[in-house]
1. Can you name every residue in region A:52-73 that is hydrophobic (A, V, I, L, M, F, W, C) and in a helix (DSSP H, G or I)?
2. Could you figure out which of (1) at positive phi; (2) more than 13 Å from every other protein chain (Cβ to nearest Cβ) isn't true of A:PRO176?
3. Considering only region B:179-201, state which residues are over 19 Å from B:SER128 (Cβ atoms), at pLDDT 90 or above and either crowded, with 19+ Cβ neighbours inside 10 Å or of a type in the set (Gly, Ala, Ser) (or both).
4. Can you tell me which residue is surrounded by the most Cβ atoms within 10 Å (Cβ to Cβ) among those in region A:165-209 that are in contact with a strand residue (DSSP E or B) (Cβ under 6 Å, 6 or more places away or on another chain) and assigned to a helix (DSSP H, G or I)?
5. Of all residues in region B:249-269, count the ones that are touching a strand residue (DSSP E or B) at 6+ places or on another chain (Cβ under 9 Å) and surrounded by 18 or more Cβ atoms within 10 Å (Cβ to Cβ).
6. Confirm whether A:THR54 is of a type outside the set (D, E, K, R), more than 9 Å from chain B (Cβ to nearest Cβ), crowded, with 17+ Cβ neighbours inside 10 Å and over 16 Å from A:ALA159 (Cα atoms).
7. Here are the criteria: (1) surrounded by 17 or more Cβ atoms within 10 Å (Cβ to Cβ); (2) closer than 29 Å to A:ASP125 by Cβ; (3) touching a strand residue (DSSP E or B) at 6+ places or on another chain (Cβ under 8 Å); (4) not aliphatic (A, V, I, L, M). Tell me which single one A:ARG105 does not satisfy.
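The values are calculated or read from the model by the stated rules, or taken from the named source; none is laboratory data. Just so it is clear, the structure is predicted and the values come from calculations on it, not from any experiment. Note that we place each Cβ from the backbone using ideal geometry, even for glycine, and neighbour counts take in every protein chain shown.
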Amino acid sequence: MNNNGRTPVIDVRDIYKTYQMGEHEVRALAGVSLTIYPGELVAIMGPSGSGKSTLMNVLGCLDQPTAGSYRLDGVDVEQMKEDELAAVRNRKIGFVFQSFNLLRRTSAIDNVEQPMIYAGVSAKDRRARATEALESVGLGTRLKHFSSELSGGQQQRVAIARSLVNNPAIILADEPTGNLDSKSGAEIMCLFQTLSREKGITVIFVTHDPRIADHCKRIIRIADGLITGDDLVAEQRDACAEHSAFTAAAALTAAAPGKMSAKK
Amino acid sequence: MAAVIESIRLAIRTLSANRSRSLLTMLGISIGVGAVISLLSIGAGVQAYIDDLFAGAGTNIITVQPGKLQRGGPPGASSSAQLTEGDYRAIVANTPNILAHGAFLQSIGNFIYEKKESQVIVYGVTPSYTVIRNWLPAQGRFVEEADNTSRLRVVVLGQTLAKDLFEDADPVGQVVKLNNIPMRVIGVMTSKGASFVGDQDAVAFVPLMTAQDRIFQAQAQAKSGERIVNAIAVQGASEAVRPSIESAMRTVLRERHRLAEGDEDDFTIVSQTELINTFGALTSVLQIFLGAIGAISLLVGGIGIMNIMLVSVTERTREIGLRKAIGAKRKTILSQFLIEAVTLSLLGGLIGILIGAGIAAVIPFFADFKPQVRGSAVGLAVGFSITVGLFFGLYPAWRASKLNPIEALRYE
């Protein structure tokens, strides 16, 4: 890959992770090395049990590798203590989960403010930045809505706003469309593509869904704790176009419902 | 600090989301604090009532009564010993530092005015009685020295007696019959109200010597031929001289009653201080007992809080995982749950203070005394509530802070 001598945002060298499961030692990662540069849209793919989740936990600073080095945004994190890792997660990583993980009975804006509370941002700045982040994901009119009053796609957009709000070095998205229908899934992928293109954010998807991977620029494949493939995507699909198509189809359905259902 | 305020806001939001559960959890603390507050207030009220009762009797009063006071028995009941006027004069002559003194004879008298009749306690008194009981007439005048020395047939009525005989008419100047002896009413006392010894206003006062020589002659004659008194009272110059006064009185009386060394006193010296201390000891035993009940409810309430917080930590495992993922440190999670527990117990405590104050406010409708809700009791209750929340919230909060974010996020 040609990166013109830029510093990688993620620089993982020879990482191992072994778990003790009773008497057996399970090697989840068996020497993984990988670099990701700012602005990349990467999918890490692999079947379950491949070590994909372990790699995500290590990249997300939720877990420490047994051996190897990990430099995130210029900081060596593999020796950090629990609270230092919490600070790194807070400042440098935005998380987007399959099940959204919004706080219940909490408004969209309060959810988005949460990471800034832990970062010690003043109440006034929090409000302004959270509003801005929600506007950037198209929810400027739903600041006070509770998560129970939002659709799945909207909830995931709140989660994306929350992941963006501390200006992280990377966003880690774990099956972000897994709980969504195709249309909402396209909408979320469109949002990621737009954010990546317009703001240069780095997004790492962890998925087994090829439809997500097709929307990325690069696919890293993992199996049995090892990287088995690292390829650029020849033809990156445009999620926004697909989403428009869904919307158009929905408009048609609304206009002539009988006809559409007959065709189906 | 901002983080603490944030945690308090969050705690209130979380608690109000589970309103009925939070209220039920608080109930234990509320009952405990309510009990502590009402009981302390009742204790303070009773104390004030007793203080008031004794303050109503003048300050630094020391009384001598005949006979040895048996614990639990009425004074003077156990012995045929008597006090005489000679004893009184000797005490007055030989006791230093006294401001006032008096001697009293006490009996029951039958009063008749027109068709009305009433039986009350009659005191034969010296004029100093007004000082010693700190009690003055509302109308007319009290017994004076001249009434006493001339053995005049005059009487001062207590309010109840005056009402019984005269209803709303003015008794002063009227003549009533006391044990069939005509007596002129010279005054009516102010009302003292009821106390635990009964209606203090159902009384009458006559000059001591009138009582001794003209009304209760049979009762007032000692074997020696001397006149008897039922009580001798002196007012000390200060609390500090009380022991010296008491010992002077004891010396005089033992000598006059010819008591050998080792014999028991045949009289009893009682000071207000002692009485107040006795009652004080009683009320503090009561308060300790009631306080223990309150403490047990607080303990049970605290365990309730711990239970609910543990449930809450389990229910919110994913939330805790998420919070850790987005940057909450261990101590942040710890303090969040701790603040939640303290908020719970503190709100419970505040409700308890209201309950306790409510009980204290209702009591005067059923009892003679007025409970006092003191700042110190409220402060104690608030302090207890916070301590209970901290103590019983610590373990659940610690459990929450120890959760592994990966496992917590995966928790179903």
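1. Once the filter is applied, which keeps residues that are hydrophobic (A, V, I, L, M, F, W, C) and in a helix (DSSP H, G or I), region A:52-73 yields A:LEU55, A:MET56, A:VAL58, A:LEU59.
2. Answer for A:PRO176: the failing condition is (1).
3. Step one: of region B:179-201, the residues over 19 Å from B:SER128 (Cβ atoms) are B:179-185, B:188, B:191, B:193-199, B:201.
If we keep only those that are at pLDDT 90 or above too, we end up with B:179-185, B:188.
Across region B:179-201, the qualifying residues are B:MET183, B:VAL185, B:VAL188.
4. If we take residues in region A:165-209 being in contact with a strand residue (DSSP E or B) (Cβ under 6 Å, 6 or more places away or on another chain) and assigned to a helix (DSSP H, G or I), then A:PHE192 is surrounded by the most Cβ atoms within 10 Å (Cβ to Cβ).
5. Kept after step one, since they are touching a strand residue (DSSP E or B) at 6+ places or on another chain (Cβ under 9 Å), are these residues of region B:249-269: B:249-250, B:253-254, B:256-257, B:266-269.
This time we only want the ones that are surrounded by 18 or more Cβ atoms within 10 Å (Cβ to Cβ), so: B:249, B:253, B:266-269.
Matching residues across region B:249-269 total 6.
6. On the way: of a type outside the set (D, E, K, R): yes; more than 9 Å from chain B (Cβ to nearest Cβ): yes; crowded, with 17+ Cβ neighbours inside 10 Å: yes; over 16 Å from A:ALA159 (Cα atoms): yes.
So A:THR54 passes the test.
7. Result: A:ARG105 passes all but (1).
Residues are listed down the side, and each one gets a yes or a no for (1) surrounded by fewer than 23 Cβ atoms within 10 Å (Cβ to Cβ); (2) part of a loop (DSSP other than H, G, I, E, B); (3) within 9 Å of another protein chain (Cβ to nearest Cβ):
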site: A:ALA86; (1), (2), (3): no, no, yes
site: A:ARG91; (1), (2), (3): yes, no, yes
site: A:ALA128; (1), (2), (3): yes, no, no
site: A:THR131; (1), (2), (3): yes, no, no
site: A:GLU135; (1), (2), (3): yes, no, no
